[in-house]
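Contents: one structure, followed by commentary.
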Amino acid sequence: RVKPGNMIGKADFSSFPFEIIETFVPDISLTSGRVEGKLTLSGTPSKVGLDGSITVNEGQTRLDYLKAMLHIRNQEIRLTPNSIEALHDTIWDASLKHFALVDATLRHVNFADWSVDCSIKSADNQFLMMNTTAGDSDMYYGQGIGSFSCVISGSFEQTNMDITAETGKDTRLFLPLTTVSDASEVNFITFTNGVEESESSASKVVKSFSFSDLKGLNFSLKLTITPEAEVQLIFDEQAGDIIRSKGGGDLVFKYGLDGNFSMYGRYTVEEGSYLFTLLNVVNKPFKMVKGGTIDW
């Protein structure tokens, strides 16, 4: 029996566009696929709730910041009057060979005041988690493959994203060391002779950049680089003035809610090469010696 002023309705549907999630979830795109399910709508015109579940059949979406495609195969999403839940679900990377486990809850108040509580963890060390190009960031880009654990929390206006990751095979990370504004001065990188320095002597924050499009995102990435990954330090890409190396280390990347960027850590070289160029006249190749360090 329906009380006066209330309403109730039921819907069974199939082949409904999965793109509907872009209405609720920010910073995703290229969403496609179909969903099916059963939902009950009830409440008053000013406070409507949904209850039921939907199944995503061969859906996909992209995380805009990391440019990583995620695929969803026959996974259930539960809807309650105040939340949308994907518990113990599985997502696959772009290769469709490696997956991660997801526990995510989107909470809302009458489809407003959205907040997120989400954890994602890869099942192995070959998940494609980043696939960006130079046009996406002037600080770092590349193909990030490996293991990771990610926790996302907070409101949609102020979202916290904490990622701990370790590189795996076929990772290629590019770190441009000059931009248009500082191309004449590269005094924020120092080559050492391999003698161990104290933690307090290493520079921790060297440059600060502002990304207006990321304001509202509190982002932290703790990255462990292994010798399986190739790291390129780019002085002048057009001239080929690039250090190519393999090695290990820990780097931390952070964006604050104000849009400022910081990066710090130490990278120890196992092997590599460096082509020094000067005015397109001098081209001197160097071989990197094991044990050298690069500090940010």
Tally, over segment 103-126, of residues that are assigned to a strand (DSSP E or B) and open to solvent by 40 Å² or more (accessible area, probe 1.4 Å)
5
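Please find, among PHE18, PHE24, the residue that is touching a residue at least 40 places away in the same chain (Cβ under 8 Å) and surrounded by fewer than 15 Cβ atoms within 10 Å (Cβ to Cβ).
Only one candidate passes the filter, namely PHE24.
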In segment 274-296, what residues are loosely packed, with under 15 Cβ neighbours inside 10 Å and polar (S, T, N, Q)?
ASN280, ASN283
Quick check on this structure: which one of THR23, THR31, THR105, THR40 is more than 24 Å from the chain's Cα centre (by Cα), more than 24 Å from ASN125 (Cα to Cα) and among the β-branched types (Val, Ile, Thr)?
THR40
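Residue-by-condition table, conditions (1) more than 30 Å from ARG244 (Cα to Cα); (2) at pLDDT 95 or above:
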residue	(1), (2)
ALA94	no, no
LYS97	no, no
ASN110	yes, no
THR132	no, no
GLY146	no, yes
GLU166	no, yes
PHE174	no, no
THR179	no, no
In the list THR55, THR31, THR40, which residue meets the criterion of being in contact with a Phe, Trp or Tyr (Cβ under 8 Å, 6 or more places away or on another chain) and assigned to a strand (DSSP E or B)?
THR31
Flag if LEU63 is open to solvent by 40 Å² or more (accessible area, probe 1.4 Å), closer than 21 Å to ASN110 by Cα and among the aliphatic types (A, V, I, L, M):
no
Mind counting the residues in segment 225-273 that are touching a Pro at 6+ places or on another chain (Cβ under 8 Å), in contact (Cβ under 8 Å) with a residue 40 or more places away in the chain and open to solvent by less than 20 Å² (accessible area, probe 1.4 Å)?
1
Just wondering, is there one or more residues in segment 72-91 that are touching a Lys or Arg at 6+ places or on another chain (Cβ under 8 Å), in a strand (DSSP E or B), at pLDDT below 90 and surrounded by 14 or more Cβ atoms within 10 Å (Cβ to Cβ)?
no
Sole exception among (1) of a type in the set (A, V, I, L, M); (2) open to solvent by 30 Å² or more (accessible area, probe 1.4 Å); (3) in a strand (DSSP E or B) for ALA100, by number:
(2)
Would you mind telling me which numbered condition in (1) open to solvent by 40 Å² or more (accessible area, probe 1.4 Å); (2) of a type in the set (A, V, I, L, M); (3) within 15 Å of LEU101 (Cα to Cα) MET129 fails?
(1)
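The values are calculated or read from the model by the stated rules, or taken from the named source; none is laboratory data. Please read these numbers as outputs of a predicted model, since none were measured by experiment. Every residue, glycine as well, gets a Cβ built from its backbone with ideal geometry; the counts of neighbours run over all protein chains shown. In case anyone asks, the SASA skips ligands and DNA or RNA and just uses the protein heavy atoms, side chains included. Shrake-Rupley method; radii C 1.70, N 1.55, O 1.52, S 1.80 Å.
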